[in-house]
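No value in this document is a laboratory result; all are computed from the given coordinates. Owing to the predicted nature of the structure, the values given are computational and were not obtained by experimental measurement. Glycine also receives a Cβ, built like all others from the backbone with ideal geometry; neighbour counts cover every protein chain displayed.
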């Protein structure tokens, strides 16, 4: 071969194209879980099946971390049960969920999950360049959201005496859109559907029937979680295909995409041809 340097460069480029891989989609998922007295079974089933959910996303090329926010216990205030972590640590933290409340401040809890509460502490540690996902799990609608004296933990935009307001469906919708966040609603009941279903479908997400997470048959619950996770995986992939510049959809910042099989075959044939030419010239 007259120019071995050019040959080596061609091989290097071809091998790079053949073996290059897209970076995994990076997403941070916050489960926002109702802590009212009727949610005990759903909480246990979520805790027991978060590993299954996570394994399906991971196998599909999604780099996910998981956080947990509880809301509506006897203290009413949304609270961070665990910041972003792995599925095992999430399951351990989820044993701290309660079932002691009646006031379900779901809009405030979603706002909290996106660090939107006035003077919020603590805040959630979303990774830079990560697609934000919120999953609300509830059997009731949003209620008792008033920003009043003694309830500054429900205020957005300011303190109760300084123009602060309580979260509303409109404010949550605006916050989700400002964060490019997807919302899923795992819900049951007319009140929950009225408050959360439109928010989910209007922010890139879907609605799932909470009864699938509330049964006593472990196999049936696993079937539901499997279907939920696969739908969630496809939703994330579709979102990034439609909006490839969203945070998390290309965290590698322009890495070479995986070539189609036909392209790989052509590259292989080209390398083989280069090798044959080299041997003939050497002979």
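Each peptide in 122-129, 154-161 gets a packing score, the mean of other Cβ atoms within 10 Å over its residues, and the list from highest to lowest is 154-161, 122-129. For the stretch 101-181, a/c is not less than 1.5, where a ≥ b ≥ c are the root eigenvalues of the C-alpha gyration tensor, and a/b does not top b/c. That puts it in the oblate class. Determine the shape class of the stretch 92-249: with a ≥ b ≥ c the square roots of the Cα gyration tensor eigenvalues, call it rounded for a/c under 1.5, and otherwise prolate if a/b is greater than b/c, oblate otherwise. Oblate, because a/c is 1.5 or more while a/b does not exceed b/c. Take 66-79, 184-197 and order them by the average number of nearby Cβ atoms within 10 Å per residue, most first; the result is 66-79, 184-197.
Exposure proxy shown here: for 232, 177, 132, the number of other Cβ atoms within 10 Å sets the order, fewest to most, as 177, 132, 232. What's the center-to-center distance, using Cα atoms, between the stretch 180-219 and the stretch 51-84 in Å? So the two Cα centres are separated by 15 Å.
Taking 0.36 nm per intervening residue step and subtracting the Cα-Cα distance, what contour gain separates residue 125 from residue 223 on full extension?
Contour length minus Cα-Cα distance gives 32.2 nm.
Could you tell me which of rounded, prolate or oblate describes the stretch 116-155, using a ≥ b ≥ c as the square roots of the eigenvalues of the alpha-carbon gyration tensor, with rounded for a/c under 1.5 and, failing that, prolate when a/b is larger than b/c and oblate otherwise? In terms of gyration-tensor shape, oblate.
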